[in-house]
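Report on the following structure.
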Amino acid sequence: MICLIGTVLKERYCVIERIGHGGGGSLYLAKDMELGIFRAVKEIPLAKKKEAMLMQRLEHPAIPKIVDYMETEEYCYLIMEYIKGQSLEELLCSEKIFSIQETLIRGKEIARVLGYLHSRKPPVCYGDLKPDNLMISETGHLYLVDLGSAMSDRGKRKQICEGTKGYAAPEQYQGYLSPRSDIYALGKTMEKLCGKKKWQCFLYPEFFWFLFRCTRKQEKYRYSDMSSVQKRIRKLENRYQTVTWRKRFLEVVAAGVLIGVLFLTAGLLKQEAFSVALSEVTDLYYEARQYPEDSRSRKRYCITAEKKLQNLNRNYREKEQQRRIELLLAWNAELLQEPEKAALYYENILLYDEEYPVAYGEYGMFLLRIGQKEASRKLWEDYKKKEKAELLEKGESRNLKLWEEINEKKTKE
């Protein structure tokens with residue numbers, strides 16, 4: 001490839017320096033001698049001029065504009081709007097720290113431009129979303145650059161797909177690309193923006209669950225389309241704008257049962273269909289938590305969740321599936337302020353599954369929350385007898401550990 005520095009294209013664009021390489025070609029900085037402004041020039045092998053054809057059809061404020069075009073016998077040249085700024089990757093390398101709120105803002109902007117691409121006919125899949133391909137201008141505006149890996153969605157027709165390890169969806173390695181592949185990369189990109197402070201996800205469980213849904217290995221279990229992703233991000237934005245850190249921390253502690261169940265679900269479930277069905281229920285809880293505890297809206301979501309769980313209970317009969325469902329039913333009854341019903345669910349688990357240690361911890365902490373300290377203590381004594389007789393399975397959860405610590409401390413006293 002011949003270096004273009006010093007070359008004048010179309011007797012107008014003087015190439016000054018090479019500023020990048022990727023997507024099958026080189027990127028140069030040029031001076032528009034007529035207007036006296038800088039332009040970006042993308043040099044692409046003529047055999048790969050699909051990017052030029054594709055970009056000329058696109059018009060979006062987050063995609064650099066094509067202002068001119070030319071071809072030679074070997075190459076084609078895109079003369080584009082020059083974006084002066086830094087990529088998200090460069091910002092991360094400079095130890096820029098993105099808060100959850102900032103990550104959601106950038107995620108919303110990215111989802112918006114990807115949604116535009118997916119809405120084309122036929123849909124355009126970007127294919128190589130990563131922090132390196134997202135530029136932030138000096139005014140703070142986000143741009144999606146380098147469409148060299150973009151292609152039209154061809155369904156399940158196998159084709160050569162480009163992408164970057166760590167961001168490319170699993171199906172891309174098999175030669176398939178779809179809008180849901182971009183959803184996977186969006187999740188990975190937002191996860192990267194969390195940097196070394198990924199522990200924040202545990203203070204923001206809804207955000208953790210959002211990333212989990214985006215980055216499922218099988219594409220059919222991710223969000224269905226980019227509009228669903230945008231809707232979820234907007235709700236998370238609204239949620240975190242109105243909640244103080246202290247209140248957030250207290251809510252997370254109060255929601256410990258749900259979080260524990262979610263982790264157990266992610267680690268133990270073997271059937272992907274069940275995992276997706278259960279995720280639809282847990283999404284309802286995150287919706288419900290936007291409303292006050294005694295509101296009708298919150299109660300309506302919980303009643304809907306209970307109906308869905310009852311339906312799952314009839315259709316999924318494997319032992320681990322039944323355990324997850326029963327625990328969520330008990331937790332849901334507590335949310336509905338029906339402690340008697342919640343207690344029945346817990347007792348039902350222990351009646352038919354008395355070797356399940358996690359249920360003891362969940363039930364024990366529930367009893368403490370409703371002020372039944374003596375009942376919790378008696379349950380603890382029964383638990384220790386079974387443990388000593390080696391009648392319990394191996395298993396642990398956050399609430400089981402906490403319950404053990406509380407009772408062991410009281411025993412020592």
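Key figures for this structure:
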{"read-out": "Residue in the stretch 39-58 that is among the charged types (D, E, K, R), free of Cβ contacts under 8 Å to residues at least 24 places away in the same chain and loosely packed, with under 15 Cβ neighbours inside 10 Å present", "value": "no"}
{"read-out": "Residues located in the stretch 355-381, provided they are touching a residue at least 12 places away in the same chain (Cβ under 8 Å) and over 38 Å from the mean Cα position of the chain (by Cα)", "value": "377, 379, 380"}
{"read-out": "Residue check for residue 179: in contact with a His (Cβ under 9 Å, 6 or more places away or on another chain), at pLDDT 80 or above and under 20 Å from residue 213 (Cβ atoms)", "value": "yes"}
{"read-out": "Unmet requirement for residue 100, which otherwise passes all of (1) closer than 26 Å to residue 123 by Cα; (2) out of contact with any strand residue (DSSP E or B) (no Cβ under 6 Å at 6 or more places or on another chain); (3) at pLDDT below 90", "value": "(1)"}
{"read-out": "From the options 59, 81, 95, 71, residue that is over 17 Å from residue 143 (Cβ atoms) and more than 26 Å from the chain's Cα centre (by Cα)", "value": "71"}
{"read-out": "Matching strands (runs of 3 or more DSSP E) fully within the stretch 1-99 where at least 3 residues are more than 26 Å from residue 162 (Cβ to Cβ)", "value": "13-22"}
{"read-out": "Helices (runs of 4 or more DSSP H) enclosed by the stretch 296-354 - at least 2 residues per element that are out of contact with any Lys or Arg (no Cβ under 9 Å at 6 or more places or on another chain) and touching a residue at least 40 places away in the same chain (Cβ under 8 Å)", "value": "319-335"}
{"read-out": "Pair list, Cβ under 6 Å, 6 or more apart: the stretch 80-94 residue in contact (Cβ under 8 Å) with a residue 40 or more places away in the chain, other residue charged (D, E, K, R)", "value": "81/65; 82/39; 84/138; 85/138; 87/132; 89/132"}
{"read-out": "Residue tally, condition assigned to a helix (DSSP H, G or I) and modelled with pLDDT of 90 or more, over the stretch 389-400", "value": "1"}
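The values are calculated or read from the model by the stated rules, or taken from the named source; none is laboratory data. Note that the structure is a prediction, hence the values are computed from the model and not measured. Ideal geometry is used to build each Cβ from the backbone, glycine not excepted, and the neighbour counts take in all protein chains shown.
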